[in-house]
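Structure first, then comments.
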């Protein structure tokens, strides 16, 4: 059984200036490369849309930010799972859908690594899923810690990948995933 590709929060709200500086400007293009490979093979793809319940959230339904980004938007017939919290497994039918497919391995990517991607990876691993996490198909934003120190997006990104590597996921790259699907050198 092929891995299920799960795209997290690929919505226009990710471009809102409130998130601050980010790393990995090629992340969306890399996600698009994975999406094209999965589509070419007819492999399962799940798009997770964040429908925030917070009034001031750019992800709140009914506004432009809730719409999917054009580069990685679902095609007709591709599954969309709406979530209201960070993990795509909480309050959704994601686990039931995956169970119906035989609990296949997962490739999880998207925005933002140290939030919804991380939450989904951690819960998925705790539910027993094998997960591959392409670090170059995710991105992070600057984050201020509780002491007031500002951590650059790249530092947040690399630390989050290190925290997830091993116990929760196999951290990989888009090129490696494409090689493993027969796409050559990616």
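Convex hull volume of the C-alpha atoms in region 31-97, normalised per residue: 101 Å³. The packing ranking, built from the mean of other Cβ atoms within 10 Å per residue, places the peptides 106-118, 14-26 in the order 106-118, 14-26, highest first.
Rounded is the label for the chain, because a/c, from the alpha-carbon gyration tensor with a ≥ b ≥ c as root eigenvalues, stays below 1.5. Put a dot 7 Å past the Cα of residue 60, heading toward its Cβ, do the same for residue 144, and the two dots end up 2.3 nm apart.
Ranked by the mean number of other Cβ atoms within 10 Å per residue, highest first, peptides 58-68, 131-141 order as 131-141, 58-68. Under a Gaussian network description of the chain, with springs only between Cα atoms under 10 Å, the residue in 35, 101, 146 that fluctuates furthest is 146.
Each reported figure results from applying straightforward, stated rules to the coordinates on display, with no laboratory input. As the structure is a prediction and not an experimental result, all values here were calculated from the model. As a convention, Cβ positions derive from the backbone with ideal geometry for all residues, glycine included, and neighbour counts pool all protein chains shown.
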